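Chemist: This is the structure, below, for whatever I ask next.
What follows draws every value from the coordinates through simple rules; no lab data is involved. No experiment lies behind these values; they were computed from the predicted model shown. Cβ atoms come from the backbone with ideal geometry, glycine included; neighbour counts cover every protein chain shown.
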Amino acid sequence: MSNGEKIKFLIKYFGLNQKQLAEKIDMRETMLSRKLSSASANKLNKVDILAICNILEIQMDIFEDININNEKQIIKFLENNKKTGDEQNDFFTQDKTVLAHLTQNDGIWYFYSYPSNYPKIDVRIIKTVINDDFTTIDERYQNSGKIYIGESQTTLIKQTRNAKNLISITFDNSKIPFKMMPFTMLSKANNTTRGMLNFGFCSQTKFSENKAKEILGDIKNTQLIIKSDLVERIEYNTF
């Protein structure tokens, strides 16, 4: 049973169609259809399969275990690996497959975003190392953190060395194998107590500031800082 045949069966098993699966993994339906065709030269690769596993919340073993080669064996595997109630409540899976992708190339990632004091600082580029024990460290600022891997997304939570504020960065697991992906970051604006939402991207490739700005685009579309008047109204109405 080919990987394409397995995916076609899984689509039916989970009550989906090819169009729905293609949308979930950000692939054109025609491209997915070609990849699933046994006659196609453009076969499914490991990145495609990992993305599908993340979306369907199944283990890669279905595709890697040579003993799982028919529909009955797939159903048996899925039934045997259903999560218990306690496991369902623990939504951080700490998936070693996802971690393996994050720790490739010595676990070095570059995080690109605009700072709150832009344009005083043009683009913030943070070099972060992700270790195989789920810990992280920023090279320049020495902010330490930890990776929390969920079913479809991963969050990196780190604490700033001096101010002891938390920074939370979230990205999709299905994008990790591409070694470049967008992220959403929650933090404090520089030298203030105001919260800030930032959109940026991380990559295992180091880009110049100009190239990073080109990819990030207009800062107006990447940043939102809580307004001081909202904080004042909250404080005024605190009893």
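Chemist: On full extension of the chain, what length is gained from Q104 through D218, given 0.36 nm per residue of separation minus the C-alpha to C-alpha distance? Write out the running numbers ahead of the final one.
Modeler: Details: separation 114, 0.36 × 114 = 41.04 nm, distance 3.10 nm.
Contour length minus the Cα-Cα distance gives 37.9 nm.
Chemist: As an exercise, use a Förster radius of 25 Å and the Cβ-Cβ distance of V129 and S228 to find the FRET efficiency, rounded to the nearest 0.05. It would help to have the intermediate numbers written out before the result.
Modeler: On the way: r = 36 Å, r/R0 = 1.43.
So, using R0 = 25 Å, E works out to roughly 0.10.
Chemist: Stretched out fully, how many nm does the piece from E79 to T30 gain, at 0.36 nm a residue minus the Cα gap?
Modeler: On the way: separation 49, 0.36 × 49 = 17.64 nm, distance 3.10 nm.
Difference between extended and current length: 14.5 nm.
Chemist: Equivalent-ellipsoid semi-axes (√(5λ), Cα gyration tensor) for region 139-239, whole Å, largest first?
Modeler: Gyration-tensor ellipsoid for region 139-239: 27, 17, 15 Å.
Chemist: Something else about it: So what are the ³J(HN,Hα) numbers for region 128-133, from phi and the Karplus equation (6.51, -1.76, 1.60; θ = phi - 60°), rounded to whole Hz, Gly and Pro as x?
Modeler: 10, 9, 9, 9, 6, 9
Chemist: What list of ³J(HN,Hα) values in whole Hz, one per residue of region 47-56 in order, does the Karplus curve 6.51 cos²θ - 1.76 cosθ + 1.60 (θ = phi - 60°) give from phi, with Gly and Pro shown as x?
Modeler: 5, 4, 5, 4, 4, 5, 4, 5, 5, 7
Chemist: If you don't mind, another one. Determine the dipole magnitude for the chain: charges of +1 sit on the beta-carbon of Lys and Arg, -1 on that of Asp and Glu, nothing else is charged, the reference point is the Cα centre, and the result goes in debye to the nearest 20.
Modeler: 580 debye
Chemist: Gap in Å between the Cα centre of region 56-71 and the Cα centre of region 94-156?
Modeler: 30 Å
Chemist: Taking the Cα atoms only, what angle lies between the long axis of helix 3-13 and the longest principal axis of the chain, rounded to 10 degrees?
Modeler: Between the helix axis and the principal axis of the chain, the angle is about 80 degrees.
Chemist: Given H placed on each backbone N at 1.01 Å, which residues far from R194 in sequence or on other chains put an amide H within less than 5 Å of it?
Modeler: Residues meeting the amide H criterion: A189.
Chemist: Still on this structure: Could you give the semi-axes, largest first, of the ellipsoid that matches region 1-151, computed as the square roots of 5 times the alpha carbon gyration tensor eigenvalues and rounded to whole Å? Kindly include the intermediate steps, with their values, before the conclusion.
Modeler: Values: eigenvalues 250, 84, 41 Å².
One finds semi-axes of 35, 20, 14 Å for region 1-151.
Chemist: Is it possible to state the helix-based mean residue ellipticity at 222 nm for the chain, with each DSSP H run of 4+ residues giving -39500 (n - 2.57), the sum divided by total residues, to the nearest 500 deg cm²/dmol? What is it?
Modeler: -9000 deg cm²/dmol
Chemist: Which whole-Hz ³J(HN,Hα) couplings does region 200-217 yield from phi under the Karplus relation 6.51 cos²θ - 1.76 cosθ + 1.60, θ = phi - 60°, glycine and proline marked x?
Modeler: Taking θ as phi minus 60°, the curve returns x, 9, 10, 7, 8, 9, 8, 9, 6, 4, 5, 5, 4, 4, 4, 6, 5, x Hz for region 200-217.
Chemist: Which whole number of Å³ per residue matches the convex hull of the alpha-carbon atoms in region 3-82?
Modeler: With only Cα atoms used, region 3-82 gives 88 Å³ per residue.
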